[in-house]
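Report on the structure given below.
The numbers here are math on the coordinates, done by the rules we state, and not lab data. For clarity, every value in this text was computed on a predicted model and none was experimentally measured. Cβ placement follows ideal geometry from the backbone for every residue including glycine, while neighbour counts extend to all protein chains displayed.
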Amino acid sequence: MSLGLVLAILFSGLVTGALARFAIPGPDPMPMWLTIAIGLTGSIVGAVVGREISDNNGYVVSFLSFGVAIALVAAYRRFVQHRPIFGAGALSFPDRGLGVAQQREKLRQLGIDPDRLRPDPQQFQRAQHEAMLRELHRAGLLDDAELDDKLARLATGDR
């Protein structure tokens, strides 16, 4: 096996792992080797399963590989970092995990308190409700007056 092939495999794992991390909202600080390991594991498991269930269909293999890598990031967040995968808690900086203590220290050295990076849960929920109302308006289920009324009530906290 040539050095070029090994570097290509590692680069592929890094890209797959990084994309899987970006697919789930919120910060997931982890060492580069773990990102590569997640990407490579997702690629290998997805390729083996995808080839078996789809008669070697490249699209199935690719999407399944990416899906397995995303599932690994979600499992890492849930079982190692003990954080939710979605919602306001997912957007907060983790307290535990590989490399988290070092990242927290680097942020503190820059004058940033990692615990203050957590979004306000009420503000997050209001933003989600506003997005939902705007989507209902775009779909034609709310007219302009109803949208304005509901947004005004949401701003004042009157439901």
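Kirkwood-based Rg over Rh for the chain (C-alpha set), two decimals?
Checking Rg against Rh, the ratio lands at 1.12.
Using the Cα centre as the reference, give the magnitude of the dipole from point charges on the C-beta atoms of the chain (Lys, Arg: +1; Asp, Glu: -1; all else neutral), rounded to the nearest 20 debye.
Rounded to the nearest 20 debye, it is 620 debye.
Only helices at least 20 Å long along their own axis, judged from Cα atoms, and with Kyte-Doolittle mean hydropathy of 0.0 or greater: name those in the chain from DSSP H.
3-23, 32-54, 58-75
Given a Förster distance of 22 angstrom, what is the FRET efficiency for L10 paired with A71, based on the Cβ-Cβ distance and rounded to 0.05?
The computed FRET efficiency comes out at 0.55.
Which order do peptides 38-44, 93-99, 110-116 fall in by mean Cβ count within 10 Å, highest first?
Packing proxy ranking, top to bottom: 38-44, 93-99, 110-116.
As a test of the formula, what do you get for the chain when each DSSP H run with n ≥ 4 contributes -39,500 (n - 2.57) and the sum is divided by the residue count, at 222 nm and rounded to the nearest 500 deg cm²/dmol?
The helix-only estimate for the chain comes to -22000 deg cm²/dmol at 222 nm.
Please tell me the relative contact order of the chain in percent, rounded to the nearest whole number, where contacts are Cα pairs under 8 Å and at least six residues apart.
Averaging sequence separation for qualifying contacts and normalising by length gives 18 percent for the chain.
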